[in-house]
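The values are calculated or read from the model by the stated rules, or taken from the named source; none is laboratory data. What you see is a predicted model; the values in this text were computed from it and never measured. Cβ sites come from the backbone with ideal geometry, for glycine too, and all protein chains shown count toward neighbours. The area values use the complete protein model at the heavy-atom level, side chains included, leaving out ligands, DNA and RNA. Shrake-Rupley method; radii C 1.70, N 1.55, O 1.52, S 1.80 Å.
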Amino acid sequence: MKKITTKRIIDAVERQQFGLDNTGFCIKCGEEQEGCEPDATKYECENCGANTVYGAEILLMKVA
């Protein structure tokens, strides 16, 4: 399982703001997933199949 760190979340939010990336994170397996809206909640993870993918901005608000 990959650890979801504040640095990884901030990097994803910055990529989204300055480019076309829309990264989410699976809070079960820690994998990044593209194509997630910044406020995504409970999207299905392409890696583990769980409905535990959240948008980077939502996660940033929870750790900030």
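Worth a mention:
- Cysteine residues of the chain whose C-beta has no other cysteine C-beta under 4.7 angstrom: 36.
- Surface accessible to a 1.4 Å probe, per residue, for the residues of the chain, Å²: 64
- Here the 3J(HN,Hα) profile of the range 34-49, calculated from phi with Karplus coefficients 6.51, -1.76 and 1.60 at θ = phi - 60°, is 7, x, 9, 5, x, 9, 4, 9, 6, 6, 6, 7, 5, 8, 10, x Hz, Gly and Pro shown as x.
- Cα long-axis angle, helix 6-18 against the chain (0 to 90 degrees, to the nearest 10): 60
- Structure-based [θ]222 nm, the chain - -39500 (n - 2.57) summed over DSSP H runs of at least 4, per residue, nearest 500: -10000 deg cm²/dmol
- Here the chain has 51 percent of its accessible surface on carbon and sulfur atoms, given a 1.4 Å probe and all protein chains in place.
- Environment charge at residue 3 (Cβ cut-off 14 Å; Lys +1, Arg +1, Asp -1, Glu -1): +1
- Assigned charges on the beta-carbon of Lys, Arg, Asp, Glu; the chain dipole about Cα centre (debye): 380
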